[in-house]
Every structure is written in structure tokens, then in C-alpha cells.
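As C-alpha cells, the structure follows; a few thoughts come after it.
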Amino acid sequence: MRGLTRQQIEHYRREGFVAVPSLLSEEDIRLVDASTAELAEETDAERIADVFEFEHEPVDGKRVPRRLYNPYEQHENFRKLAADERITDRVVSLIGPDLALQHSKLNLKPARVGAPVDWHQDLTYFPHTNDDLVAVLIYLDDATERNGCIEVLARRHRRFLDHTLPDGTFAGRITEDLDEERYGAPVKVEGTAGSAIFLHPLAPHRSAKNVSVERRRALIYQYRAADAFPIYTGPHVVDVENCAHHIRGERSPVARFGGPQPVIYRPDGHPKSLYQLQEMSQK
Ligand SMILES: O=C(O)CCC(=O)C(=O)O
């Protein structure tokens, strides 16, 4: 098993994330590119909005995609990668041998217009009976501050931070003040193409707008321990669970309860993605 080293595990537990260089090869990235291009070509005009989400700002007069929804559901190569032991062995080091994929996505953050993602904790979007979930964010391009690498507030993964608007609805972003004196400066996690970030589901993170001429894609697999079950907070949970898949080890006959008590947010409408929810909450 090619798990994380003891130092990497300690780093994850203490800081709420750990970066792993060179997880995927250039050849893996070429396969992902080819699969994404195939989807863009094969998907007929009517279905395109079910598969891709687009930036508001056009580039050279054309709409550019910012997200491929649920890549696991869309292409065999993404299914293979989700079960690839270079990834799952390391996830096992953090949350044990029995794993499910909770959902997947491919954020495309195109050059010049790639939208920012505001501070948030993933678990607020999908509270579970315990917090043994891990997001694996794999950079498919070199990621720097200029093209909007992921930024993490280290050591802040022990409790839920406030994500509510004044009317009590879910903003999809942290609404309490994250002043640097109290919370420390964010860690900008730069990395070369193929490197990955293993992120605790309560680690606050964000990324800035891509102001560079280089795209910054990130393939994201959210895993959970097989005994972490989603808490029903509304009909959207059923849709998300249609994209959950047992990946490795045993299924669990029991739900385990643990971690900080999950805050249950009241969503406002049915936004399709984090981008849409965060944009709505700014209006
Ligand atoms: O791709 C990014 O910059 C942020 C990813 C993220 O946090 C998300 O999609 O939940």
C-alpha cells in the first residue's frame, strides 16, 4: 500500500490539509484532457448544460466552461481514476479502509475569467454523521497565486464556522469575519500539474479569480468513510447521493456518529453549484 507517510498524516491532522507532489503523471493528465474533450464534443446542445457550467464572462466572444459536473458519472476514465490506488491508498491512511466516493467535479478555472471561490467548509454543504470525509483536489495545471491556487486557513478544521445570511438561509460561504490577526494568514497551496491536496471537510478554503493567461484546473474527488452517512437536509441530498459510489473495502451496516455536531443549514432555492449559491448570496 502506498499510503501517506507518518509526517504527512500528522500534517493533515494538525493543519487540516496536506499537499502531495506528483500524484498523477503527465500521461494521466493527457487521458483526463482527452476524456474532457470527448465529453465536450459528444454532448449534444440540449444536454450540455447538464454536463458543463459556464463562466458569465465570455472569452473572445465565446462562452467558456468553468465546471464539468460529476465526471465520475460521465466517463470511464474518471471512474478508473477515482478507484486508483495512488489516490485511495492515501485516503485510507486518513479515514480507514472502507471508502465511498461522495461526489466528484472538475473545476476548470479558465484563463483571465475563472471565477473566484469564496471561503467555505465543504461539510456545510453535505453534513454527515461523522467528519471522516476527505476531498482530494488534483491540479491538472501548474497552480500559482496568479491563476488562483487553493488557499487554506490552517488549523481551523475543528468546528463549523458560520455560513448564514441575516435571514438565516445558507450562504454557501463563510459569513463571519476571518480577520488575519485572529485566524492567521491563509496558506496558498501552489503546486505543479499532477500534485494533490488532501483536504479535511471542515478546513476553510477558497481560491481567487484567475487573472493570468494560464488556466488552473482541479479534479476533485470527495471520499467518505463507508460508515459516514449523509444527513437528510432536503431533496437535493437525494440527487447528490445518486452520484455516491462504494469504492473500496466493506460497506457498513451501521452509521458511526462523531466529530463536531453538524450545523444544518436551510438552503434558499435549488442552486446547481457552489458558484451559483455564492453568487446569489452576494446579491
Ligand atoms: O477549484 C477551486 O478553486 C475551489 C474548489 C472548491 O472548493 C469547490 O469546488 O468546492
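The values are calculated or read from the model by the stated rules, or taken from the named source; none is laboratory data. Computed from a predicted structure; not experimentally measured. Methodologically, a virtual Cβ is constructed for each residue, glycine included, from the backbone with ideal geometry; neighbour enumeration extends over all protein chains shown. Note: areas computed on protein heavy atoms with side chains; ligands, DNA, RNA excluded. Shrake-Rupley method; radii C 1.70, N 1.55, O 1.52, S 1.80 Å.
Provide a single number: the residues in region 215-233 that are open to solvent by less than 10 Å² (accessible area, probe 1.4 Å) and either away from the ligand (no atom under 16 Å from the Cβ) or on the phi > 0 side of the Ramachandran plot (or both). Summing the residues that are open to solvent by less than 10 Å² (accessible area, probe 1.4 Å) and either away from the ligand (no atom under 16 Å from the Cβ) or on the phi > 0 side of the Ramachandran plot (or both) in region 215-233 gives 2. Checked against the criterion of being assigned to a loop (DSSP other than H, G, I, E, B), surrounded by fewer than 17 Cβ atoms within 10 Å (Cβ to Cβ) and within 16 Å of the ligand (Cβ to nearest atom), the candidates V263, V254, V211, V240 yield just one match: V211. Within region 149-168, residues that are open to solvent by 10 Å² or more (accessible area, probe 1.4 Å) have Cβ atoms under 8 Å from residues that are more than 16 Å from the ligand (Cβ to nearest atom) and of a type in the set (V, I, T) in these pairs: F160/V263; D162/T175; T164/T175; L165/T175, counting only partners at least 6 apart in sequence or on another chain. Restricted to region 113-143, and to residues that are within 12 Å of the ligand (Cβ to nearest atom) and under 18 Å from L24 (Cβ atoms), which residue is surrounded by the fewest Cβ atoms within 10 Å (Cβ to Cβ)? The residue in question is D141. Residues of region 266-283 being open to solvent by less than 50 Å² (accessible area, probe 1.4 Å) and part of a helix (DSSP H, G or I), which ones? Residues satisfying the conditions are L274, Y275, L277, Q278, S281. Determine whether T36 is under 21 Å from the mean Cα position of the chain (by Cα), of a type in the set (S, T, N, Q) and under 21 Å from C243 (Cα atoms). Yes; evaluated as a whole, the condition is true for this residue.
Pairs linking a residue in region 268-279 that is under 12 Å from G234 (Cβ atoms) and touching a residue at least 24 places away in the same chain (Cβ under 8 Å) to a residue that is in a loop (DSSP other than H, G, I, E, B) and away from the ligand (no atom under 13 Å from the Cβ), with Cβ atoms under 8 Å and 6 or more positions apart or on different chains, are D268/L165. For L99, the criteria (1) closer than 23 Å to P260 by Cβ; (2) within 11 Å of the ligand (Cβ to nearest atom); (3) among the hydrophobic types (A, V, I, L, M, F, W, C) hold in every case but one, which is (2).
The listed residues are R146, R173, and the only one of them that is in a loop (DSSP other than H, G, I, E, B), within 16 Å of the ligand (Cβ to nearest atom) and surrounded by 15 or more Cβ atoms within 10 Å (Cβ to Cβ) turns out to be R173. Based on what the data block shows, is L94 at pLDDT 95 or above and either at positive phi or within 16 Å of the ligand (Cβ to nearest atom) (or both)? For L94, the condition - at pLDDT 95 or above and either at positive phi or within 16 Å of the ligand (Cβ to nearest atom) (or both) - is not met.
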